[in-house]
1. Mind checking which pairs have a first residue in segment 53-77 that is without any contact (Cβ under 8 Å) to a residue 12 or more places away in the chain and in a loop (DSSP other than H, G, I, E, B) and a second that is exposed (fewer than 13 other Cβ atoms within 10 Å of the Cβ) and of a type in the set (A, V, I, L, M, F, W, C), Cβ under 9 Å, 6 or more apart or different chains?
2. Please work out which residue is surrounded by the most Cβ atoms within 10 Å (Cβ to Cβ), limiting yourself to segment 86-101 and to residues that are not in a helix (DSSP H, G or I) and not acidic (D, E).
3. Got at least one residue in segment 102-116 being open to solvent by less than 50 Å² (accessible area, probe 1.4 Å) and not in a loop (DSSP other than H, G, I, E, B)?
4. Please verify whether segment 52-67 includes one or more residues that are of a type in the set (D, E) and in contact with a Leu (Cβ under 9 Å, 6 or more places away or on another chain).
5. Which condition from (1) part of a loop (DSSP other than H, G, I, E, B); (2) surrounded by 15 or more Cβ atoms within 10 Å (Cβ to Cβ); (3) at pLDDT 90 or above is the one that F83 breaks?
6. Consider V42 against the criteria (1) of a type outside the set (D, E, K, R); (2) open to solvent by 90 Å² or more (accessible area, probe 1.4 Å); (3) modelled with pLDDT of 95 or more: it satisfies all of them except one. Which criterion is unmet?
Amino acid sequence: VFQSIYISVVRFAFAYILESANLDSKWFRFIPTGANAGHNAVPTPLPPRPSPRGVDVPPNPMLCPLCHEVRKNPAVASSGFAFCFSCIQQYVSEHNECPVTCIPCNVKQIRRIYQA
């Protein structure tokens, strides 16, 4: 509720400035509008391409590409691909790269995924 009120106030202020300065509104199209103003403002980036020498990504997104089981304690490598925490930690500590993309990675770059 507060966000929509804030956006309304900002839009009103810009509209007032545009009218008083007689400026074209096309210069201010970056101002988000609507209830989901901040959600679709930036397009989602494409995932990195898997390397031909990397492991295959399973068709089911809930499976770990390393053990091919449902991910336990999910974690992501620096590439953004998700694995079991123990699987990716062991693989990266031995190979220093993402198993899917072969992008250099170290254990400090592994991040747990916390689900609400």
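The values are calculated or read from the model by the stated rules, or taken from the named source; none is laboratory data. From a predicted model like this one, the values you see are computed outputs, not experimental measurements. Every residue, glycine as well, gets a Cβ built from its backbone with ideal geometry; the counts of neighbours run over all protein chains shown. These area figures cover heavy atoms from the full protein model, side chains too; ligands, DNA and RNA do not enter into them. Shrake-Rupley method; radii C 1.70, N 1.55, O 1.52, S 1.80 Å.
1. N60/V70; M62/V70
2. Residues of segment 86-101 not in a helix (DSSP H, G or I): 96-101.
Applying the additional criterion that residues be not acidic (D, E) yields 96, 98-101.
Numbers: N96: 11, C98: 28, P99: 24, V100: 23, T101: 21.
In this case the residue turns out to be C98.
3. The initial filter retains those residues of segment 102-116 that are open to solvent by less than 50 Å² (accessible area, probe 1.4 Å), namely 102, 105, 110.
Now drop any that are not not in a loop (DSSP other than H, G, I, E, B), which leaves none.
Looking through segment 102-116, none of the residues is open to solvent by less than 50 Å² (accessible area, probe 1.4 Å) and not in a loop (DSSP other than H, G, I, E, B).
4. First, the residues of segment 52-67 that are of a type in the set (D, E): 56.
Narrowing further to those that are in contact with a Leu (Cβ under 9 Å, 6 or more places away or on another chain): none.
No, because not a single residue in segment 52-67 is of a type in the set (D, E) and in contact with a Leu (Cβ under 9 Å, 6 or more places away or on another chain).
5. Of (1) part of a loop (DSSP other than H, G, I, E, B); (2) surrounded by 15 or more Cβ atoms within 10 Å (Cβ to Cβ); (3) at pLDDT 90 or above, only one is false for F83: (1).
6. Looking at each condition in turn, V42 falls short on (3).
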